[in-house]
Amino acid sequence: MKNKETLLAFIFGLFTIVTWFFPSDTDIKVKIAVLIITVLSIGLIYLKEKLSFFFRQYWQEILSFLLVTMFGILFYSAYHQLLLPASILLLTSISISLLITFKYGQVHVFKFKSLVKQIQFNEPWNLNHWGSVCASIQENQMIFKGTTAPKGTDGSHINLLNLLEIGNTYEIVCNAKSSSGTTGLFQLWCHDNTGEKIYGSNAATPYNTPSTKGDVIKLLFRADYNSNIRIHLQYTPGQGQIIVSDVRVYKLGN
């Protein structure tokens, strides 16, 4: 990661050097503007971990915006009559890059999925399995709130035995939303270590703060070793609360 960050900083620095020497008639104000953007960008690259949550979460998007801004300022100064076709070319290049990234970054596409089970919260969930008091059940929803947990994180889980077919892939889905100002984090985590001697399937989403409007959280789980699954709803404490609902298991197939 550090090597990539250094490469990014080098690109921004090289961009600035080029601006100062080419084109030769570039206005000094443009050069200073590009220099300021470069300093801010390099500062963000190396200091983002010391900044607020917003900058740590969206630093890639911010850097992309700053890089496009630098390009626009420089191009308009030197070739303002070609700004429109250059903008079209830039947007086309960005779109192609995104599409390629989406194509090779996407998970396998299945032809169909069928609902195996919709899990209610009146079923035997193991609340606060690591000793906190963060999780509670209200109106068929699981509520996570609290700023501390003995192990730094906690959650609840349920064991579903003999539900899956060995060799098949399943999609585990739930809805999660946060109250305004929430800093707590949520993770959907599944594995098959429910007591069978042979186990090893494991999948988890990254910890994240759901939006206030609600997000669909999903992961793929392949039953390679046994027919059981343990579904974890995990929570890292923070301000506000996270509400989880509508946990479902789908079977995927081609």
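The values are calculated or read from the model by the stated rules, or taken from the named source; none is laboratory data. Source: prediction; values computed, not measured. Don't worry about glycine lacking a Cβ; one is built from the backbone with ideal geometry, like all the others, and counts go over all protein chains shown. To get the accessible areas, we keep the full protein, side chains included, count just its heavy atoms, and leave off ligands, DNA and RNA. Shrake-Rupley method; radii C 1.70, N 1.55, O 1.52, S 1.80 Å.
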Could you work out how far the C-alpha centroid of the range 29-44 sits from that of the range 134-160, in angstrom?
45
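Under a 1.4 Å probe, what is the accessible area of the range 1-85 per residue, stated in Å²?
Value returned for the range 1-85: 69 Å² of accessible area per residue.
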Unsatisfied cross-links (Cα-Cα over 18 Å) in the set Lys151/Lys197; Lys177/Lys213; Lys145/Lys177; Lys4/Lys48; Lys113/Lys218; Lys151/Lys218
Lys151/Lys197; Lys151/Lys218
If you add up the charges near Gln120, with Lys and Arg at +1 and Asp and Glu at -1, over every other residue whose beta carbon is less than 12 angstrom from its beta carbon, what do you get?
-1
How would you order 125-136, 183-194 from highest to lowest mean count of nearby Cβ atoms within 10 Å?
183-194, 125-136
Explain nothing, just the number: relative contact order of the range 1-157, from Cα pairs under 8 Å at least 6 residues apart, as a whole percent.
14
Nearest 500 deg cm²/dmol is fine: what mean residue ellipticity at 222 nm does the chain get from its DSSP H runs of n ≥ 4 alone, each adding -39,500 (n - 2.57), divided by its residue count?
-12500 deg cm²/dmol
Return the carbon/sulfur percentage of the accessible area of the range 78-153, one whole number, probe 1.4 Å, all protein chains in place.
62
With a bin width of 5 angstrom, please list the P(r) values of the chain as percents of all Cα-Cα pairs, from the 0 bin to the one holding the largest distance.
1, 5, 10, 12, 12, 11, 10, 9, 8, 7, 6, 4, 2, 1, 0
Which percent of the accessible area of the range 175-254 is formed by carbon and sulfur heavy atoms (probe 1.4 angstrom)?
47
Using the Cβ atoms and a cut-off under 12 Å, what net charge is assigned to the surroundings of Asn159, where Lys and Arg are +1 and Asp and Glu are -1?
-2
State in Å² the accessible area per residue of the range 106-158; use a 1.4 Å probe, count heavy atoms of protein chains only, and round to the nearest integer.
61
So, over other residues within a Cβ distance under 10 Å of Arg56, counting Lys, Arg +1 and Asp, Glu -1, the net charge is +1
Surface accessible to a 1.4 Å probe, per residue, for the residues of the range 203-254, Å²
41
What distance in nm separates the simple spin-label points at Thr92 and Arg56, each placed 7 Å from Cα in the Cβ direction?
4.1
Modelling each spin label as a point 7 Å along the Cα-to-Cβ direction, I'd like the Arg222/Glu196 distance in nm, to one decimal.
1.5
Between Ser245 and Thr212, the two model label points (7 Å from Cα along the beta-carbon direction) sit apart by a distance in nm of 1.8
Name the longest site-free stretch of the chain, where the excluded sites are trypsin sites (Lys or Arg not before Pro) in a DSSP loop with no more than 13 other beta-carbon atoms within 10 Å.
1-110
Let me know the shape class of the range 90-184, please: from the alpha-carbon gyration tensor, a ≥ b ≥ c as square roots of the eigenvalues, rounded when a/c is under 1.5, otherwise prolate if a/b is greater than b/c, or oblate.
oblate
Can you give the longest run of the chain that contains no GluC sites (Glu not before Pro) sitting in a DSSP loop with at most 13 other Cβ atoms inside 10 Å?
1-138
